[in-house]
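**Q** Can you read through this structure? Questions will come right after.
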Amino acid sequence: MGEKRDLINRIHVANKVAPADLVIKNGKIVNVFTLEIEEGDVAIYNGVIVGIGNYEGKEEVDAKGKYVVPGLIDGHVHIESSMVPPHKFSDVVVPHGVTTVITDPHEIANVTGTDGIQFMLDDSEGVPLDVLFMLPSCVPATPFEHSGATLTAEDLAPFYSHERVLGLAEVMDYPSTAAGAPDMATKIHDALRKGKLIDGHGAGLDAEAMNVYGTARITTDHECTTAEEAAERIKKGLYVLIREGSAAKDLQALIPQVNATNARRFLFCTDDKHLDELIAEGSIDANIRLAVKCGLDPMMAIQLATLNAAECYGLKTKGAVAPGYIADLLLVDDLDQFTISHVFKDGELVAEDGKIKPGQEKECHLPEKLTNTVNTAEVTLEKLAIPASDSGQAYAIKLHANSLVTEKIIVEPPQQKENFTSSPVEGLLKLAVIERHHQTGNIGLGFIQGLGLKEGAIALTVAHDSHNLVVAGADDKEMLKAINEVEKMNGGMVIVKKGKPIAALPLTIAGLMSSESAEETLAKMKDVDHALEKLGFTGNFNPFSALSFMCLPVIPQLKLTDMGYFDSTLGTHVSIAVDN
């Protein structure tokens with residue numbers, strides 16, 4: 001009877017038989033259905049919009065000519081990449097107008113399995129942000145590395161009963177999908193049988209692969225890096241999520257593909273974005289601003305960020321300022337600059353002038369199994385040595401700034417005592433990935449060009465997707481010191497120069513997130529960023545963010561795992577040495 005009574009009450013308010021709880025007056029309403037600006041009051045009852053027109057309310061807010069915009073939706077985000085847990089992430093993104101996110105907790109799941117998923121669900125309860133989940137489909141991402149957990153279809157099944165679980169997250173193991181491998185087929189079948197959605201991950205995949213995706217009823221791809229790839233996905237009926245995060249910035253390449261005939265098949269996401277950039281630049285609001293700067297009509301950009309995302313994920317009462325829709329609303333001063341003054345969640349003011357309203361705080365309860373996750377075997381200088389090849393040549397990963405896609409190149413590293421060494425003068429650093437979950441002793445070794453460090457070493461336990469310990473440096477002793485410092489912190493990121501740590505950020509929650517406040521985390525993150533300059537870094541990208549993706553074997557072309565180099569083009573591990 002409660003729901004029926006509420007429906008009747010909403011109808012009465014819509015009919016002006018009873019006053020609204022809240023009325024927003026004197027605003028310019030952005031209609032995302034018609035891409036027009038409307039005049040009128042917005043009447044809200046019990047968190048739902050009940051009318052556009054002339055209304056009276058128990059409380060009235062004068063919008064003073066500001067634009068009334070639907071709350072923004074991030075179509076795909078790994079909250080762990082912000083380096084704070086969900087309740088702190090909420091406080092950061094809500095003032096930027098984001099009222100709903102679709103998250104994939106596969107980062108923490110790769111470290112702690114189902115315990116990690118449950119923590120993310122629990123920690124996101126009761127925050128002023130709708131945190132909706134897609135269940136990790138690929139833990140581990142591939143069989144070519146070692147992660148902290150393995151999640152089968154049976155492990156995922158119980159989570160589908162949770163009201164905030166929408167479906168199966170990015171299917172990145174394309175070979176298993178194409179082969180109809182039993183566990184992957186079961187995961188896909190389970191999601192479809194329960195009427196759930198399935199996200200894709202089509203990095204480097206061609207049009208033929210999109211036939212497989214479509215047949216498996218995978219409906220999205222956030223890995224497009226070119227307009228041509230985006231066009232192919234749209235033709236095959238997929239939604240394209242335009243990504244602008246910390247490491248991968250694809251928006252400027254993809255926005256030219258958006259036009260009046262296909263715009264409804266595009267939406268925005270951040271995927272992986274660090275806390276400092278979220279605070280300084282914003283989240284989906286930053287995507288809107290950049291899209292407008294690149295020439296996209298502001299109304300269409302807002303449509304991508306709201307209605308399109310809602311329809312893609314079946315959120316029938318989100319994404320518009322219209323009767324029957326949830327009252328997640330923004331007051332925006334200017335559509336081009338997209339400056340947000342007020343954020344309403346379910347009809348309640350939750351953020352104003354870039355700050356979360358007091359009273360939104362939530363305590364974080366950390367299970368011990370999430371805070372003791374760095375379990376490496378002993379690492380020595382001998383174990384970091386790379387024997388020189390007869391040819392004097394080695395393969396190296398060539399990094400491209402602000403892209404996850406790398407090149408496989410041949411280099412001639414300097415030699416010392418029959419071992420290859422780094423050559424920071426030529427931009428060539430040593431790279432190592434140390435298994436940190438089960439003390440296997442696995443260490444993958446290689447070289448990276450383009451990271452931009454002239455000396456010292458950096459190390460971190462954020463290493464997508466298995467999140468082993470990754471380190472890069474100009475000297476083996478510096479690398480070993482960085483490894484040891486990360487182990488002492490039980491996870492995090494560190495910078496070493498001349499044998500001493502000069503900056504560090506502890507990430508004690510699964511080696512991925514900080515247990516400190518957002519302010520404390522941000523301060524240490526800035527210290528780390530500034531310390532990079534002391535290693536000679538002058539680039540226009542974040543070396544830590546870039547390094548964290550050098551371990552992801554599902555992204556072309558060459559990556560390094562704890563089992564060594566992996567060439568995604570060949571689909572196999574390859575040696576460091578170049579044969580004569």
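The values are calculated or read from the model by the stated rules, or taken from the named source; none is laboratory data. Quantities reported herein were computed from a predicted structural model and do not represent experimental measurements. Every residue, glycine as well, gets a Cβ built from its backbone with ideal geometry; the counts of neighbours run over all protein chains shown.
**Q** Do we have Glu435 as buried (at least 24 other Cβ atoms within 10 Å of the Cβ) and in contact with an Asp or Glu (Cβ under 8 Å, 6 or more places away or on another chain) here?
**A** It is true that Glu435 is buried (at least 24 other Cβ atoms within 10 Å of the Cβ) and in contact with an Asp or Glu (Cβ under 8 Å, 6 or more places away or on another chain).
**Q** Which one of Ile386, Ile397 is under 34 Å from the mean Cα position of the chain (by Cα), over 30 Å from Gly113 (Cβ atoms) and among the β-branched types (Val, Ile, Thr)?
**A** Ile386
**Q** Now a separate question. Please go through segment 50-96 and give me each residue that is of a type in the set (D, E, K, R) and within 19 Å of Met134 (Cβ to Cβ), ordered by number.
**A** Correct list: Asp74, Glu80.
**Q** How many residues are among the β-branched types (Val, Ile, Thr) and farther than 23 Å from Glu163 by Cβ if we restrict to segment 308-342?
**A** Count: 4.
**Q** Tell me which residues, restricted to segment 231-253, are within 24 Å of His464 (Cα to Cα) and hydrophobic (A, V, I, L, M, F, W, C).
**A** Scanning segment 231-253 gives Val240, Leu241, Ile242, Ala247, Ala248, Leu251, Ala253.
**Q** Within segment 565-578, identify whether any single residue is crowded, with 17+ Cβ neighbours inside 10 Å, within 20 Å of the chain's Cα centre (by Cα), in the same structural domain as Lys383 (by TED's automatic domain parsing) and not hydroxyl-bearing (Ser, Thr, Tyr), and answer yes or no.
**A** no
**Q** Within segment 45-56, can you find the residues that are in contact with a helix residue (DSSP H, G or I) (Cβ under 9 Å, 6 or more places away or on another chain) and either in the same structural domain as Leu166 (by TED's automatic domain parsing) or part of a strand (DSSP E or B) (or both)?
**A** Scanning segment 45-56 gives Tyr45, Val48, Val50, Gly51.
Yes/no per residue for (1) crowded, with 23+ Cβ neighbours inside 10 Å; (2) closer than 18 Å to His400 by Cβ:
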position: Gly214; (1), (2): no, no
position: Ile218; (1), (2): yes, no
position: Leu241; (1), (2): yes, no
position: Glu244; (1), (2): yes, yes
position: Leu251; (1), (2): no, yes
position: Ala260; (1), (2): no, no
position: Asp271; (1), (2): yes, yes
position: Asp276; (1), (2): no, no
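**Q** Which residues, counting only those in segment 146-164, are in contact (Cβ under 8 Å) with a residue 40 or more places away in the chain, in contact with a helix residue (DSSP H, G or I) (Cβ under 8 Å, 6 or more places away or on another chain) and either surrounded by fewer than 23 Cβ atoms within 10 Å (Cβ to Cβ) or β-branched (Val, Ile, Thr) (or both)?
**A** Once the filter is applied, which keeps residues that are in contact (Cβ under 8 Å) with a residue 40 or more places away in the chain, in contact with a helix residue (DSSP H, G or I) (Cβ under 8 Å, 6 or more places away or on another chain) and either surrounded by fewer than 23 Cβ atoms within 10 Å (Cβ to Cβ) or β-branched (Val, Ile, Thr) (or both), segment 146-164 yields Ala149, Asp155, Phe159, His162, Arg164.
**Q** Can you list the strands (runs of 3 or more DSSP E) lying wholly within segment 265-359 that have 3 or more residues being farther than 30 Å from Arg217 by Cα and touching a residue at least 60 places away in the same chain (Cβ under 8 Å)?
**A** 329-332, 340-345, 348-352
The rows are residues; the columns are (1) touching a Phe, Trp or Tyr at 6+ places or on another chain (Cβ under 7 Å); (2) more than 26 Å from Leu507 (Cα to Cα); (3) modelled with pLDDT of 95 or more.
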site: Glu80; (1), (2), (3): no, no, yes
site: Pro85; (1), (2), (3): no, no, yes
site: Glu107; (1), (2), (3): no, no, yes
site: Val111; (1), (2), (3): no, no, yes
site: Thr114; (1), (2), (3): no, no, yes
site: Gln118; (1), (2), (3): no, no, yes
site: Phe133; (1), (2), (3): no, no, yes
site: Tyr160; (1), (2), (3): no, yes, yes
site: Arg164; (1), (2), (3): yes, yes, yes
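**Q** Right, next: Check whether at least one residue in segment 485-498 is among the aliphatic types (A, V, I, L, M), closer than 19 Å to Asp272 by Cβ, crowded, with 24+ Cβ neighbours inside 10 Å and under 19 Å from the mean Cα position of the chain (by Cα), and report yes or no.
**A** yes
**Q** Tell me, please, whether a residue that is more than 22 Å from Gly282 (Cα to Cα) and assigned to a loop (DSSP other than H, G, I, E, B) can be found in segment 84-106.
**A** For segment 84-106, residues more than 22 Å from Gly282 (Cα to Cα) and assigned to a loop (DSSP other than H, G, I, E, B): absent.
**Q** Among the candidates Ile44, Ile29, single out the residue that is under 23 Å from Leu304 (Cβ atoms), at pLDDT 95 or above and within 38 Å of the chain's Cα centre (by Cα).
**A** Ile29
**Q** Another question, if that's okay. Taking the condition of being within 17 Å of the chain's Cα centre (by Cα), part of a loop (DSSP other than H, G, I, E, B) and among the polar types (S, T, N, Q), how many residues in segment 504-557 meet it?
**A** Of the residues in segment 504-557, 2 are within 17 Å of the chain's Cα centre (by Cα), part of a loop (DSSP other than H, G, I, E, B) and among the polar types (S, T, N, Q).
**Q** Kindly indicate whether any position in segment 54-77 is of a type in the set (Asp, Glu), within 29 Å of Ala263 (Cβ to Cβ) and touching a Ser or Thr at 6+ places or on another chain (Cβ under 6 Å).
**A** There is at least one residue in segment 54-77 that is of a type in the set (Asp, Glu), within 29 Å of Ala263 (Cβ to Cβ) and touching a Ser or Thr at 6+ places or on another chain (Cβ under 6 Å).
**Q** Name the single residue, out of those in segment 121-139 being part of a loop (DSSP other than H, G, I, E, B) and not small (Gly, Ala, Ser), that is nearest to Pro158 (Cα to Cα).
**A** Across segment 121-139, the extreme among qualifying residues is Pro136.
**Q** Also, I was wondering about something else. For residues that are surrounded by fewer than 19 Cβ atoms within 10 Å (Cβ to Cβ) and either in the same structural domain as Ala280 (by TED's automatic domain parsing) or touching a residue at least 12 places away in the same chain (Cβ under 8 Å) (or both), scanning just segment 506-517, find the one that is farthest from Ser147 (Cα to Cα).
**A** Only one residue fits best here, namely Ser517.
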